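Undergrad: There's a structure below that I have some questions on.
The values are calculated or read from the model by the stated rules, or taken from the named source; none is laboratory data. Predicted model, so just to flag it, every value in this text is computed and none were measured. When we count neighbours, we look across all protein chains shown, and the Cβ atoms used for this are built from the backbone with ideal geometry, even at glycine. Side chains are part of the model used for accessible areas, which takes the heavy atoms of the whole protein and leaves out ligands, DNA and RNA. Shrake-Rupley method; radii C 1.70, N 1.55, O 1.52, S 1.80 Å.
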Amino acid sequence: MSTTEAAGPHEEHLVHEAFGPAFTPVEAGATIAMGVVSLLIAGVLAVLLGGLADEHRLSASDIGVAAALEAVTMGIVAGLSGVFLKPRRLRLLGVGATLALALLDFATIRLHDNGILAVRAMAGVPEGLLLWITIGMIARTAVSERWSGVLFTALTAAQLAVATAFTVIVLPRFGVNGGFVCLAVVSLIGLVIARFIPDHYPPLPHEGQVGGGAPPMRGWIALIATFIFVSSTGAVGIYLVPLAHQARLTAGVAATAVSFSLAAQIPGAALATAVAGRARYFIIFVIGTAVALTTWAVYGFATPAWLFIAATTVQGFVGIFITPFLVPMTIDADPSRRAAVQSGAAQLLGGAFGPFVASTVVDDSHARGVLWLGAALALTGMAIIAWLRFTARPAEA
């Protein structure tokens, strides 16, 4: 890691930390790229698991199980790493995690049923470690929401590019096995990236001897708010196709809506990066919650295709725009930033919990129960965020 000796013009090219010396642009960029590698599969996982089901290597019900297992394992590993691991020898860890992830992607091509479930659950371990490296850097920067925005901008652009390549080239020519091979090869880029990340991070305030240390009570409450808030969008989004059918629209309309939503996420994340440090997170969450509730109200009626697509596009833009501000929300609740290091894990677990609990309120003919569930989760998460904001001590606020 680079250090700064004194304030001067050369510091304009550094990424300033809240604690310790600054990162160079190369170190920051490489660390963000590690996060992209860890989360890249999320953009194509539904297509790959669906392809395995079409080949009768995975049951339809196990599609959701496989996705949830990978997300939950990833979130747990990222969270436990933040508590128990010291941020040392990160380059070696990055190389090892990248190799493990590539091997597990390769292994998937020869498996069926429970074997696939086991391997995808194991894949969450290296993915969680790579994400922990990235979140550790973001949590230590002076303007954490800006670097969260950079991560989501890069991730969304990469997922869109990979999803397009899969749809146009990889899957038609090489099938689902070719998709997993492609993912494995792409993930090996992490071997090069790992050479340029910081080899260690400075300790956070009040870190214990074991590792990063557990957050204080307000930090845990902020993580619970993150978990609940993120689960609301996951609960509704996973049932977009059934909601389209119930609105008397085709699956093709839902697929088009997803494509437009994914494309809208790129400028949404870019806008979050641009306004970072100037916008108040609480106002952004209020606006984001209002937009989500409006979008879900549209899903609750028989609407024309253009309105369904437009609502989904707006939700994609706003949803990704507000996500980076979950990190400064946790920092506001826990200035030691120990909760901020766990924010990625809370988001992953919330993203897995939402679809799981949504499955209990739908059937083959009725999916609109997820709209009430999503609204309840979003408002609950927003209420906790508001409580944290308005009960903060002056030094925290």
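Every residue, every condition in (1) among the hydroxyl-bearing types (Ser, Thr, Tyr); (2) at pLDDT 85 or above, yes or no:
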| residue | (1), (2) |
| --- | --- |
| Ser259 | yes, no |
| Gly288 | no, yes |
| Thr312 | yes, yes |
| Gly316 | no, yes |
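Undergrad: Select from the range 316-335 the residues that are over 16 Å from the mean Cα position of the chain (by Cα) and open to solvent by 10 Å² or more (accessible area, probe 1.4 Å) and list them in ascending order.
TA: Ile331, Asp332, Pro335
Undergrad: With the checklist (1) without any contact (Cβ under 8 Å) to a residue 24 or more places away in the chain; (2) open to solvent by 50 Å² or more (accessible area, probe 1.4 Å) in hand, flag the one item Glu55 doesn't pass.
TA: (1)
Undergrad: Another one. Based on this model, can you work out whether Val176 counts as out of contact with any Gly (no Cβ under 9 Å at 6 or more places or on another chain), assigned to a helix (DSSP H, G or I), at negative phi and aliphatic (A, V, I, L, M)?
TA: Criteria not met by Val176.
Undergrad: Which condition does Gly79 not pass, out of (1) touching a Lys or Arg at 6+ places or on another chain (Cβ under 7 Å); (2) open to solvent by less than 50 Å² (accessible area, probe 1.4 Å), if it passes all the others?
TA: All conditions pass for Gly79, except number (1).
Undergrad: Of the residues that sit in the range 254-285 and are β-branched (Val, Ile, Thr) and over 24 Å from Ala161 (Cβ atoms), which one is surrounded by the fewest Cβ atoms within 10 Å (Cβ to Cβ)?
TA: Narrowing the range 254-285 to residues β-branched (Val, Ile, Thr): 256, 258, 266, 273, 275, 283-284.
Among the residues that remain, those that are also over 24 Å from Ala161 (Cβ atoms) are: 275, 283-284.
Numbers: Val275: 16, Ile283: 10, Ile284: 20.
Ranking the candidates gives Ile283 first.
Undergrad: Got a sec? Which helices (runs of 4 or more DSSP H) wholly within the range 323-370 have at least 1 residues that are touching a residue at least 40 places away in the same chain (Cβ under 8 Å) and closer than 20 Å to Ala235 by Cβ?
TA: Values: elements: 326-333, 338-341, 343-358.
So the answer is 326-333, 343-358.
Undergrad: State which residue is most open to solvent (accessible area, probe 1.4 Å) when the search covers only the range 110-120 and only residues that are over 14 Å from Ile63 (Cβ atoms) and within 25 Å of the chain's Cα centre (by Cα).
TA: Taking the candidates together, the pick is Ala118.
Undergrad: Could you grab the pairs with beta carbons closer than 6 Å, sequence gap of 6+ or different chains, first residue in the range 280-309 and outside any helix (DSSP H, G or I), second one open to solvent by less than 50 Å² (accessible area, probe 1.4 Å)?
TA: Between residues of the range 280-309 that are outside any helix (DSSP H, G or I) and residues that are open to solvent by less than 50 Å² (accessible area, probe 1.4 Å), the close pairs are Gly300/Leu371; Ala302/Ala247; Thr303/Ala247.
Undergrad: Could you go through the range 220-239 and let me know if any residue there is hydrophobic (A, V, I, L, M, F, W, C), more than 30 Å from Ala28 (Cβ to Cβ) and either modelled with pLDDT under 80 or assigned to a loop (DSSP other than H, G, I, E, B) (or both). I'd like the intermediate steps shown before the answer.
TA: Let us first name the residues in the range 220-239 that are hydrophobic (A, V, I, L, M, F, W, C), namely 220-225, 227-230, 235-236, 238.
Next, from what is left, pick out any that are more than 30 Å from Ala28 (Cβ to Cβ): 228, 235-236, 238.
Right, trim to either modelled with pLDDT under 80 or assigned to a loop (DSSP other than H, G, I, E, B) (or both) and you get 238.
Yes, that holds for at least one residue.
Undergrad: Moving on to the next point. Does the range 1-35 hold any residues that are open to solvent by less than 20 Å² (accessible area, probe 1.4 Å) and at pLDDT 55 or above, and which are they?
TA: Ala22, Phe23, Glu27, Ala28, Ala30, Thr31, Ile32, Met34, Gly35
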